[in-house]
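Encoded as structure tokens, the structure appears first; notes follow it.
The values are calculated or read from the model by the stated rules, or taken from the named source; none is laboratory data. Remember, predicted model here, so these are calculated numbers, not experimental data. All Cβ positions, glycine included, derive from the backbone under ideal geometry; neighbour counts span all protein chains shown.
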Amino acid sequence: MNVQITLSNGEKSARLKIENFPVESFERLLNKTLDFLGLLNHGSKTGEVAIKPKIEIKNFKTTEIKMKPITVNEDVISLLPEPLRDWYRDQEQKAAQEGKPTFHLTGIKIKDGIPHYKVFYECPNCGFKGVRYEKEGVKEVECYQCAAPVDVFPTKGEFPKRDKFNNYFTSAREE
């Protein structure tokens, strides 16, 4: 059963949209929602609804979305720094043979036709360690955990060098 519930009572409102919802759970959810909004009469022993809400159940259509894999063409490879181009082509072939995404071996993701390079950071604010993929020349990233700015630097002191984990930028300066 597909359910969409929109309830409002003055400034309070709730909207629920659930697909493939078990019918037996619907009544319990509805009662909890009405109780939260203060629409149930708790003075009554029967727990009847004090206000009759408009309940409208609609069927939703399921749409299948097919994803096409993005293939890296020569135009994108030409955007990579010169020292990486041949290496990237080799890694691309190796990834295809192993059945892995290319970025697992290269540390480079192509997003909307633009190369994004792997950035490893450790947040000085909360200690969270994370990985992001950012455009060339990035100076700062935002921590996923606490949204604090984290300064990042090219790995081994200059771009496009990378470390053994294929990080092109890190939050720790390396020389």
Long-range neighbours under 6 Å by Cβ, at least six apart or interchain, first residue touching a residue at least 40 places away in the same chain (Cβ under 8 Å) within the stretch 109-135, second among the basic types (Lys, Arg): Val119/Arg132; Glu122/Lys129
Which one of these does Glu19 not meet: (1) at pLDDT below 75; (2) within 27 Å of the chain's Cα centre (by Cα)? (1)
Could you please give the count of residues in the stretch 106-147 that are exposed (fewer than 14 other Cβ atoms within 10 Å of the Cβ), assigned to a loop (DSSP other than H, G, I, E, B) and charged (D, E, K, R)? 2
Considering each of Lys100, Lys118, Lys109 in turn, give the residue that is of a type in the set (D, E, K, R) and either over 15 Å from Leu84 (Cβ atoms) or more than 18 Å from the chain's Cα centre (by Cα) (or both). Lys100
Within the stretch 62-85, residues being at pLDDT 60 or above, more than 16 Å from Gly107 (Cβ to Cβ) and outside any loop (DSSP other than H, G, I, E, B) number 2
Would you confirm whether any residue within the stretch 83-92 is closer than 16 Å to Tyr168 by Cβ and within 18 Å of the chain's Cα centre (by Cα)? no
Quick check, is Ala95 without any contact (Cβ under 8 Å) to a residue 24 or more places away in the chain and touching a Pro at 6+ places or on another chain (Cβ under 7 Å)? yes
Within the stretch 148-175, which residues are out of contact with any helix residue (DSSP H, G or I) (no Cβ under 8 Å at 6 or more places or on another chain), polar (S, T, N, Q) and part of a loop (DSSP other than H, G, I, E, B)? Ser171
Is there a residue in the stretch 125-132 that is in contact with a His (Cβ under 9 Å, 6 or more places away or on another chain) and under 29 Å from Val150 (Cβ atoms)? yes
Take Asp151 and decide whether it is surrounded by fewer than 17 Cβ atoms within 10 Å (Cβ to Cβ) and modelled with pLDDT of 85 or more. yes
